[in-house]
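This report refers to the structure that appears directly beneath it.
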Amino acid sequence: MIPITTTAELAVFCDKLKGQPFVAVDTEFMRETTYWPKLCLIQAAAPNAHAVIDPLADGMDLEPFLEVMRDQRILKVFHAARQDVEIFNNLQAMPVPLFDTQVAGMAAGFGEQIAYDALVRQMLKIELDKSSRFTDWARRPLSDAQLTYALADVTHLAELYPMLRQRLEKEGRIGWVTDEMTNLTSPANYDVEPENAWKRLRPRKHTAKYLAVYKAVAAWRERTAQQRDQPRGRILKDEAIDEVATQAPTDAEALDRLRSVPKGFSGSRFGPDLLAAIREALKDPEGYAPVIDRNRQAPSPAAGAVVELLKVLLKARAEETGVASKLIATVSDLELIANDDEAATPALTGWRREAFGEDALRLKRGELALVLDGARVRVVEVRRAPKATAAAG
């Protein structure tokens, strides 16, 4: 098998993709030692054409393929798309519209986060060759076995998509997947602005001083990781951000006393810049500290018991509908519902409210009960006794 290695060859292939109803896409990338994912291979398959594209080939310009990714007349089909979407978003080519077969599989009753090979096995009755799964995709030349393995990821995906879509349409669930795709392709999910880096983490305190330092340290780490093209954790661990924010060290001696900070960190190339970021944040903590939505914090002890009941209800409803519970609601959603009947959560809107959210509120009001029937939990209506009326005098 010969991959596409020139921009001219890529343009010819992409001309074949234009006008197609969909294209199945997968990528192979490396990012274990980098901040930015290194794109090593692109596989694409439409009803009339398929190819493996080598982004690392000398002189390769991916623009013809990126134009296809931007073309809103062509549906882009991925499996477990989030990291692939991140790569194309970084290349200014958000793949919209999108169809993720993993999400679709969850809606179609194939369980939580079903793997690609398991979906192929169950729907196409094909056992995939996994021998090249852990290959070094950055090393050249690639063998025929590696290229064949890579191409199979999209040729089978192109077969799966129509079958899976038909199944969802028959069950009236295609709109469920469409809702998820809107969220998956939201640019906010792939924001790499350093000043917003704290949002991916979980601050444990709410004082202005703590939050200001927390935000500053997270931003410093993000900038440093981007500039050095290293994973965030190699610059500073998540737990160290919390300790630094709690202690707010402003000199080398105080920084070196922290347990979660590597020994001698203050004397490294990172130490002075980190301390400078902390001192800058402390000049005006109230002005720099982010505003935290208190409704998204952990539930109160009393609400914690409600969350546990909601987990049982969610599992019961998920089993009844044959939909993966994670697609319906997350633990964070349940915590929000436990605290607030009008919480701003997807679980209380659209199809999720119909499948689960409304019952969650009824359970809180005491209108529903959970009953153990053998090994199965049933959801039953609570029959309230009629109010007694006063005897006539």
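The values are calculated or read from the model by the stated rules, or taken from the named source; none is laboratory data. Everything quoted here is computed from the prediction, not taken from an experiment. Ideal geometry is used to build each Cβ from the backbone, glycine not excepted, and the neighbour counts take in all protein chains shown.
For residue 303, indicate whether it is farther than 29 Å from residue 182 by Cα and either crowded, with 17+ Cβ neighbours inside 10 Å or not acidic (Asp, Glu) (or both). In short, yes. Looking only at residues in the range 23-38 that are in a strand (DSSP E or B) and in contact with a helix residue (DSSP H, G or I) (Cβ under 7 Å, 6 or more places away or on another chain), the one that is farthest from residue 151 (Cα to Cα) is 29. In the range 328-368, the qualifying residues are those that are free of Cβ contacts under 8 Å to residues at least 24 places away in the same chain and among the aliphatic types (A, V, I, L, M), and the one that is nearest to residue 182 (Cα to Cα) is 347. Summed over the range 8-22, the residues that are under 24 Å from residue 86 (Cβ atoms) and in a helix (DSSP H, G or I) give a count of 4. Of everything in the range 1-55 that is surrounded by fewer than 19 Cβ atoms within 10 Å (Cβ to Cβ) and acidic (Asp, Glu), the residue that is farthest from residue 155 (Cα to Cα) is 32.
Conditions tested, residue by residue: (1) in a strand (DSSP E or B); (2) touching a helix residue (DSSP H, G or I) at 6+ places or on another chain (Cβ under 9 Å); (3) modelled with pLDDT under 95; (4) of a type outside the set (A, V, I, L, M).
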{"residue": "40", "(1), (2), (3), (4)": "yes, no, no, yes"}
{"residue": "50", "(1), (2), (3), (4)": "yes, yes, no, yes"}
{"residue": "67", "(1), (2), (3), (4)": "no, yes, no, yes"}
{"residue": "77", "(1), (2), (3), (4)": "yes, yes, no, no"}
{"residue": "95", "(1), (2), (3), (4)": "no, yes, no, yes"}
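The number of residues in the range 180-203 being touching a residue at least 40 places away in the same chain (Cβ under 8 Å), surrounded by fewer than 19 Cβ atoms within 10 Å (Cβ to Cβ) and under 16 Å from residue 239 (Cβ atoms) comes to 1.
Restricting to the range 196-224, give me the number of residues that are within 20 Å of residue 284 (Cβ to Cβ), within 24 Å of the chain's Cα centre (by Cα) and not in a helix (DSSP H, G or I). Of the residues in that region, 1 qualify. Contact annotation: residue pairs with Cβ atoms under 8 Å, 6 or more positions apart or on different chains, pairing a residue in the range 106-126 that is surrounded by fewer than 15 Cβ atoms within 10 Å (Cβ to Cβ) with a partner that is outside any helix (DSSP H, G or I) and at pLDDT 95 or above, are 113/80.
Note on the range 139-155: among residues that are polar (S, T, N, Q) and surrounded by fewer than 19 Cβ atoms within 10 Å (Cβ to Cβ), the one that is nearest to residue 24 (Cα to Cα) is 155.
Residues in the range 167-200 that are of a type in the set (Val, Ile, Thr) and either assigned by TED's automatic domain parsing to the domain that holds residue 223 or closer than 30 Å to residue 227 by Cβ (or both): 185, 192.
Would you be able to say whether some residue in the range 145-160 is modelled with pLDDT of 95 or more, in the same structural domain as residue 33 (by TED's automatic domain parsing) and touching a Phe, Trp or Tyr at 6+ places or on another chain (Cβ under 7 Å)? So far as the range 145-160 goes, no, none of its residues is modelled with pLDDT of 95 or more, in the same structural domain as residue 33 (by TED's automatic domain parsing) and touching a Phe, Trp or Tyr at 6+ places or on another chain (Cβ under 7 Å).
Restricting attention to the range 304-317, which residues are small (Gly, Ala, Ser) and either in the same structural domain as residue 177 (by TED's automatic domain parsing) or in contact (Cβ under 8 Å) with a residue 24 or more places away in the chain (or both)? Listed by number, the residues that qualify are 304, 316. If you go through the range 156-179 and keep only what is surrounded by fewer than 17 Cβ atoms within 10 Å (Cβ to Cβ) and small (Gly, Ala, Ser), you end up with 172, 175. Among residues of the range 88-105 being closer than 23 Å to residue 322 by Cβ and either touching a residue at least 40 places away in the same chain (Cβ under 8 Å) or touching a strand residue (DSSP E or B) at 6+ places or on another chain (Cβ under 8 Å) (or both), the one that is surrounded by the most Cβ atoms within 10 Å (Cβ to Cβ) is 105.
For the range 240-265, the set of residues classified as farther than 17 Å from residue 218 by Cα and not in a loop (DSSP other than H, G, I, E, B) consists of 252, 253, 254, 256, listed by residue number. For first residues located in the range 32-55 and of a type in the set (Ser, Thr, Tyr), partners that are buried (at least 21 other Cβ atoms within 10 Å of the Cβ) and lie 6+ apart or on another chain with Cβ distances below 8 Å form the pairs 35/225. Does residue 164 satisfy being of a type in the set (A, V, I, L, M, F, W, C), in contact with a Lys or Arg (Cβ under 7 Å, 6 or more places away or on another chain) and in the same structural domain as residue 110 (by TED's automatic domain parsing)? Judged against the criteria, residue 164 is not a match.
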